[in-house]
């Protein structure tokens, strides 16, 4: 593994909670800004609701995770002992 790969892997393992908190604060800040700063003219009906697109993105992400775990993964999963045939 390259030096950069080792540094990134070590940083990820040691500071995972910190980076999760940083990105959560950034996301919360963006939603807060969306509540305070209103668009001049809404392009879609739901643009008038503050934070709609943040909640919509969260909902779509959760649905994608559920679809991958419950539908796609069982389709592509192989037998458990498929790599034991040496």
Task: Residue selected from region 1-19 under the condition under 29 Å from residue 56 (Cβ atoms) and at pLDDT 85 or above, by the criterion surrounded by the fewest Cβ atoms within 10 Å (Cβ to Cβ) - done: 17
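With respect to residue 73, is the statement that it is at pLDDT below 85 and surrounded by 10 or more Cβ atoms within 10 Å (Cβ to Cβ) true? Even if it seems obvious, please write down each step before you answer.
Working: at pLDDT below 85: no; surrounded by 10 or more Cβ atoms within 10 Å (Cβ to Cβ): yes.
Here the answer is no, as residue 73 does not meet what is asked.
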- [ ] Answer with yes or no whether residue 79 is surrounded by 11 or more Cβ atoms within 10 Å (Cβ to Cβ) and not in a helix (DSSP H, G or I).
- [x] no
Open item on the list: For region 40-67, which positions are touching a helix residue (DSSP H, G or I) at 6+ places or on another chain (Cβ under 6 Å) and surrounded by fewer than 10 Cβ atoms within 10 Å (Cβ to Cβ)?
Closed with: none
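The values are calculated or read from the model by the stated rules, or taken from the named source; none is laboratory data. Please read all numbers here as calculations on a predicted model, not as lab measurements. Methodologically, a virtual Cβ is constructed for each residue, glycine included, from the backbone with ideal geometry; neighbour enumeration extends over all protein chains shown.
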